[in-house]
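Worksheet: one structure, shown below.
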Amino acid sequence: MTDEELLRLLEETPPEELTPEQLAALRERLPHSVPLQQAFAQQLRLDQALAAVLGRPTVSVDTIVQRAQRTGRRGWWYAVAGVLVFIAAAGYWYFAREQPPPDVVVVPGKQPDQQTPDPKQPDSSPDAGQVVEAPGADNTPAQSGPVVVAPELPEDMADDEPWAAALRAEGAPPPFVDVCFDDFPVEQSNVGVDELARWFQPIDPGRLRIGLSSRNTFVEGLVKLRAPWTEHAALRMAIHSPQNFRMHVYSGTEGVTLWSQEYAEPGWAAYITTRKAGQPRPETHTLAATDGGLYRRLGRGTVELHYEAGTLTLTRGNVRLLTAPLPSWPTEIYLEGRAAWRGIEMFRVAGLPPAAEPYPLVRRAESPASLPWERRLPRGAKANAQADGSIRLTATDAQEDARVWITRPETGLHEYVFEIEKALPGAGLYLGDHQGKPLVSVGLFREQKNGQPVLDYSTSTAYRDMVSMDDRRRATPYVRDRLWVKLVPGAGTF
């Protein structure tokens, strides 16, 4: 269906009368169509106004739009010369369709139902950032899913704290386009040592250094950001000369770590992380995003950190550098490594720059197993189609590498996206010649220091399952059981 037909459908058909096919068409086009998003927003504003009168739970427009994006159907692009390579390893790659995540309704501020608490009953009000069930009109659990309550400013926050005036400002926050190019004064070359110390709480005072070096104020060690985070808050930072700089942003035991360095080339990366309760450093890392060279091309400078509707976003000016999922508002932020600081401030803002439009879809493999795979399977290797349309490749005690591939039918510059599940070290993706022989591959290995699975380039199919990486110099591509890999072959690059 065209966008015009979908818009007419929204205007003329009540939501409860939409067919599954119509809903699927709306879900597929919603992330990419501004008119559809505006039509949804207009309808939701009316629903929210009615909800305010009738006392029903409030649902934000941005959250509904984002939920529609997350639950859209995902496919695979499998047209590439070489597809899978198993290098004498016992393991398999399992391709399966993504299951939509549970719905999350984000409600800023307090619960809609603000009844006077009974002093005889225990306090059941949710803490900041806590996930609770949203009651329906008859006090039965709502069907829309859990509610994430936005944190409020601490009552004992002193007026002279450097972030107090900005976060306590009254009225609507300014839109993103009005403040995205705000920066620190040109003549401000650094933050005073005493001023910078007000922002950070030392975690290991014996190893913390805050001082001046070549007229630059630097912080080296592990510290906790003292400024609280609430609805519409954002953090503006101007740092330079980062050395293994990491920023751990947590919501409970789940988090996102932002990483920056300037050794090879300046850039940012984001990892999805988990930790033990109360610990400042994460236990697990999974690479979620990199800036793809944007920060280097835009030039070193001030960046801003935002949280909105389940995502943590880093921006430079009016450009999104990267985005990573975070289940709720940040409750704790730790910084470690070394960086020189030219400025730091909290501010209020509404909205974010639009996400980049996806490239036109050339091919979608609804059933990878039905594609015309060619095979080279030595003894002990198998490639089997699964009932759900996926393909499973295994190799046990194989003396040679096992591989399956499909000829790339398209010409020109394309990107190919693969969803991979349950891969073991020794497996990989490759680009090959016209006979299916690997030329360049991306393999799965274990990092030598911590044993976590990582991806790495390889120009050979020689068997290895361990690799040593230095995360002080470049972002280490830690992965987990389920990952996405994007290949962009062309112009002599891979």
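The values are calculated or read from the model by the stated rules, or taken from the named source; none is laboratory data. This one's a predicted model, so the numbers in the text were calculated from it and none came from an experiment. Reconstructed Cβ throughout: ideal geometry from the backbone, glycine too, with neighbour counts over all protein chains shown.
Key figures
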item	result
Tally of residues being in a loop (DSSP other than H, G, I, E, B) and at pLDDT below 75 across segment 2-44	2
Of all residues making up segment 196-227, the number that are charged (D, E, K, R), farther than 19 Å from Pro330 by Cβ and part of a loop (DSSP other than H, G, I, E, B)	2
The one condition in (1) within 23 Å of Pro228 (Cβ to Cβ); (2) modelled with pLDDT under 90; (3) aliphatic (A, V, I, L, M) that Ala172 fails to fulfil	(2)
Residue within segment 361-382 that is farther than 30 Å from Pro173 by Cβ, buried (at least 20 other Cβ atoms within 10 Å of the Cβ) and of a type in the set (Ser, Thr, Tyr) present	no
Condition check for Arg320: touching a Pro at 6+ places or on another chain (Cβ under 7 Å), not in a strand (DSSP E or B) and not aromatic (Phe, Trp, Tyr)	no
Some residue of segment 414-428 being in contact with a strand residue (DSSP E or B) (Cβ under 7 Å, 6 or more places away or on another chain), buried (at least 19 other Cβ atoms within 10 Å of the Cβ) and among the acidic types (Asp, Glu)	yes
Complete set of residues in segment 247-259 that are surrounded by fewer than 21 Cβ atoms within 10 Å (Cβ to Cβ) and in a strand (DSSP E or B)	Glu254
Residues that are loosely packed, with under 13 Cβ neighbours inside 10 Å and on the phi > 0 side of the Ramachandran plot, drawn from segment 435-452	Gly451
Residue match in segment 304-316 (condition: in contact (Cβ under 8 Å) with a residue 24 or more places away in the chain, over 14 Å from the mean Cα position of the chain (by Cα) and surrounded by fewer than 17 Cβ atoms within 10 Å (Cβ to Cβ))	no
Considering residues of segment 434-452 that are part of a loop (DSSP other than H, G, I, E, B) and of a type in the set (Gly, Ala, Ser) only, the residue farthest from Glu283 (Cα to Cα)	Gly436
Any chance Leu335 is touching a residue at least 40 places away in the same chain (Cβ under 8 Å), closer than 16 Å to Tyr271 by Cβ, under 14 Å from the mean Cα position of the chain (by Cα) and in a strand (DSSP E or B)	no
Output for segment 210-225, where each listed residue is of a type outside the set (Val, Ile, Thr) and free of Cβ contacts under 8 Å to residues at least 40 places away in the same chain	Gly211, Leu212, Ser214, Arg215
Selected residue [under 20 Å from Arg472 (Cα atoms) and of a type in the set (Gly, Ala, Ser)] from Gly299, Gly252, Gly211, Gly267	Gly267
Selected residue (only one of Arg379, Arg363, Arg375 is at negative phi and either assigned by TED's automatic domain parsing to the domain that holds Asn318 or under 31 Å from the mean Cα position of the chain (by Cα) (or both))	Arg363
Count of residues meeting criterion [closer than 20 Å to Trp229 by Cβ and more than 11 Å from the chain's Cα centre (by Cα)] in segment 274-289	8
Residue count, segment 453-480 (criterion: surrounded by fewer than 16 Cβ atoms within 10 Å (Cβ to Cβ), more than 26 Å from Arg408 (Cα to Cα) and either modelled with pLDDT of 80 or more or not assigned by TED's automatic domain parsing to the domain that holds Val417 (or both))	3
Unique residue being buried (at least 17 other Cβ atoms within 10 Å of the Cβ), β-branched (Val, Ile, Thr) and in the same structural domain as Glu304 (by TED's automatic domain parsing) when the list is Val191, Val177	Val191
